[in-house]
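Novice: Quick one: this structure, given as structure tokens, is what I'll be asking you about.
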Amino acid sequence: MRVTWITDDDAPAIVEYGTTSGQYPLSATGNTTTYSYVLYKSGNIHDAVIGPLKPNTTYYYRCSSNPKREFSFRTPPATLPFKFVIVGDFGQTGWTESTLKHIAAADYDMLLLPGDLSYADFIQPRWDSYGRLVDPLASARPWMVTEGNHEIEKLPLVETEPFKAYNARWRMPYDAGASPSGDNLYYSFDVAGGAVHVIMLGSYTDYDTGSAQHSWLRRDLAAVDRGRTAFVVALVHAPWYNSNRAHQGEGDAMRDAMEALLYGVRVDAVFAGHVHAYERFARVYAGKEDPCGPVYVTIGDGGNREGLADKYIDPQPAISAFREASFGHGRLEVVNATHALWTWHRNDDDEAVVADQVWITSLAASPACHRSKSKM
């Protein structure tokens, strides 16, 4: 587990930890960096990798030997079932606070975020306030993220390096695992002992054929053994399928470049953000319903300050199964090697009401899809 924290003052990049509150027999020392953005200078950004850790175990830890703050987190299980929370376009509004409250109300193992985190939009102290906002949840479970357009933060002539704050603050395991990408903007990892493979793609770095990301994705997918990996899911920011009037067509070029690769290994589901609403599609490939294609879900309804995207294309396309412009979050529970339950929870419901749900059957368990795959 990588632990990242920020201090105003100089402090050691050390994490002390153990399985009993107040006792920290183990420790790991990491690195400290800073970044500057126009007139802003960040605090000291520390990160350290701790482990090896036991699965499904609560660890207590403190950062920089600070005796005033003890944190705890639970490691993910090494076997199924496995519970993901998935939500994009968070921001830091009252709506965001409501989403976080709803997420915290039920247990989960890991949070996946398909881009647009803080909505700092060049105002760097907003990255700090966002960190404080999500701190209670992000310190207790793994949060795995990929970038959105609001993370780019380029300013002509003044700040020419994109993703400066994002890369400094949200370091993902792009250099680890069986398929290192070499770039923090896209990477992959396994959970539940390899039963689920998660691919985090970058909508705002080159994805065309021949690009570094495209070549890495080909290598990553080629290494997936669907006899061992029950589910494969991918996250992007700009949706590849979208019947909302907002951001129409913005994911099309990436879809054209990569859709066939995902279809070739029978990726089970693709989750996106960007559009501030919820939409679930049927299994789709090349614009048509296809039993061997992924289920596409837009989940960009975390609570950002730009509000909801409430205008849809009418009539509703046949491939669009459910759509609603409400803030909320989704949960993907991979129950066993053949079935996963996807549920969407809107914030309007004070109680834990499921507004949409569907069982997703692993394409690895579909003989018909593997027969057609062999003929491709």
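The values are calculated or read from the model by the stated rules, or taken from the named source; none is laboratory data. What you are looking at is a predicted structure, and each value in this text was computed from that prediction instead of being measured. Using ideal geometry, Cβ is built from the backbone for each residue, glycine included, and neighbour counts are taken over all protein chains shown. Note: accessible area is taken over every heavy atom of the protein model, side chains too, but ligands, DNA and RNA are not part of it. Shrake-Rupley method; radii C 1.70, N 1.55, O 1.52, S 1.80 Å.
Novice: Looking at this structure, is E153 farther than 25 Å from F73 by Cβ, outside any strand (DSSP E or B) and without any contact (Cβ under 8 Å) to a residue 24 or more places away in the chain?
Specialist: So E153 does not fit the description; no.
Novice: Another question, if that's okay. Which members of the stretch 70-84 meet the condition of being closer than 24 Å to A105 by Cβ, not acidic (D, E) and not in a strand (DSSP E or B)?
Specialist: T75, P76, P77, L80, P81
Novice: Looking at P156, P125, can you tell me which residue is touching a strand residue (DSSP E or B) at 6+ places or on another chain (Cβ under 8 Å) and exposed (fewer than 15 other Cβ atoms within 10 Å of the Cβ)?
Specialist: Just a single option satisfies the conditions, and that option is P125.
Novice: Here is a follow-up. Within the stretch 29-56, which residues are assigned to a strand (DSSP E or B) and free of Cβ contacts under 8 Å to residues at least 24 places away in the same chain?
Specialist: If the condition is that a residue be assigned to a strand (DSSP E or B) and free of Cβ contacts under 8 Å to residues at least 24 places away in the same chain, then T29, N31, T32, S36, K41 are the ones that fit.
Novice: Based on this model, can you work out whether A13 counts as open to solvent by less than 60 Å² (accessible area, probe 1.4 Å), touching a residue at least 40 places away in the same chain (Cβ under 8 Å) and out of contact with any Phe, Trp or Tyr (no Cβ under 6 Å at 6 or more places or on another chain)?
Specialist: yes
Novice: With the requirement that a residue be part of a helix (DSSP H, G or I), touching a His at 6+ places or on another chain (Cβ under 9 Å) and polar (S, T, N, Q), what does the stretch 85-127 give you?
Specialist: Scanning the stretch 85-127 gives a single hit, T99.
Novice: Looking only at residues that are among the charged types (D, E, K, R) and closer than 18 Å to E306 by Cα in the stretch 141-153, which one is surrounded by the fewest Cβ atoms within 10 Å (Cβ to Cβ)?
Specialist: So, considering only residues that are among the charged types (D, E, K, R) and closer than 18 Å to E306 by Cα, the one surrounded by the fewest Cβ atoms within 10 Å (Cβ to Cβ) is E153.
Novice: Pick from P173, P125, P180, P114: which is free of Cβ contacts under 8 Å to residues at least 12 places away in the same chain and touching a Phe, Trp or Tyr at 6+ places or on another chain (Cβ under 8 Å)?
Specialist: Just one listed residue meets the conditions, P180.
Novice: Starting from residues that are polar (S, T, N, Q) and within 24 Å of the chain's Cα centre (by Cα), keep the ones in the stretch 301-332 and report whichever is farthest from D349 (Cα to Cα). Can you show your working first?
Specialist: In the first step, residues of the stretch 301-332 are kept if they are polar (S, T, N, Q); the result is 304, 316, 320, 326.
Next, only the ones that are within 24 Å of the chain's Cα centre (by Cα) stay: 304, 320, 326.
Working: N304: 18, S320: 23, S326: 10 Å.
Residue satisfying both the conditions and the ranking: S320.
Novice: Looking only at the stretch 208-215, decide whether some residue is in a loop (DSSP other than H, G, I, E, B), open to solvent by less than 20 Å² (accessible area, probe 1.4 Å) and over 30 Å from L133 (Cα atoms).
Specialist: yes
Novice: With respect to the numbered conditions (1) among the charged types (D, E, K, R); (2) farther than 30 Å from A78 by Cβ; (3) touching a helix residue (DSSP H, G or I) at 6+ places or on another chain (Cβ under 7 Å), which one is the sole condition not fulfilled by E279?
Specialist: (3)
Novice: For Y40, all conditions in the list (1) open to solvent by less than 60 Å² (accessible area, probe 1.4 Å); (2) assigned by the TED database to the domain that holds V145 hold save one; what is the number of the exception?
Specialist: Going through (1) open to solvent by less than 60 Å² (accessible area, probe 1.4 Å); (2) assigned by the TED database to the domain that holds V145 one by one, Y40 breaks only (2).
Novice: So which residues in the stretch 264-285 are crowded, with 20+ Cβ neighbours inside 10 Å and in contact with a Gly (Cβ under 8 Å, 6 or more places away or on another chain), if there are any at all?
Specialist: F271, A272, G273, H274, V275, H276, A277, Y278, R283, V284
Novice: Can you tell me which residue within the stretch 160-201, out of those that are surrounded by fewer than 16 Cβ atoms within 10 Å (Cβ to Cβ) and at pLDDT 95 or above, is nearest to G88 (Cα to Cα)? Outline the logic, then answer.
Specialist: First, pick out the residues of the stretch 160-201 that are surrounded by fewer than 16 Cβ atoms within 10 Å (Cβ to Cβ): 160-162, 175-178, 180, 182, 193-194.
In the following step, the residues that additionally are at pLDDT 95 or above were identified as 160-162, 175, 180, 182, 193-194.
Numbers: T160: 26, E161: 24, P162: 20, D175: 24, P180: 24, G182: 24, G193: 26, G194: 25 Å.
The qualifying residue nearest to G88 (Cα to Cα) is P162.
Novice: Further question: Out of A138, A104, A120, which single residue is open to solvent by less than 40 Å² (accessible area, probe 1.4 Å), within 24 Å of S326 (Cβ to Cβ) and without any contact (Cβ under 8 Å) to a residue 60 or more places away in the chain? Steps first, please.
Specialist: Working: A104 fails: open to solvent by less than 40 Å² (accessible area, probe 1.4 Å); A120 fails: within 24 Å of S326 (Cβ to Cβ).
Sole residue among the options that is open to solvent by less than 40 Å² (accessible area, probe 1.4 Å), within 24 Å of S326 (Cβ to Cβ) and without any contact (Cβ under 8 Å) to a residue 60 or more places away in the chain: A138.
Novice: Condition test on T79, is it under 30 Å from T338 (Cβ atoms) and modelled with pLDDT of 95 or more?
Specialist: Yes, satisfied.
Novice: Turning to a different aspect of this structure: If a residue must be in contact with an Asp or Glu (Cβ under 7 Å, 6 or more places away or on another chain) and of a type in the set (G, A, S), how many such residues does the stretch 23-51 contain?
Specialist: 3
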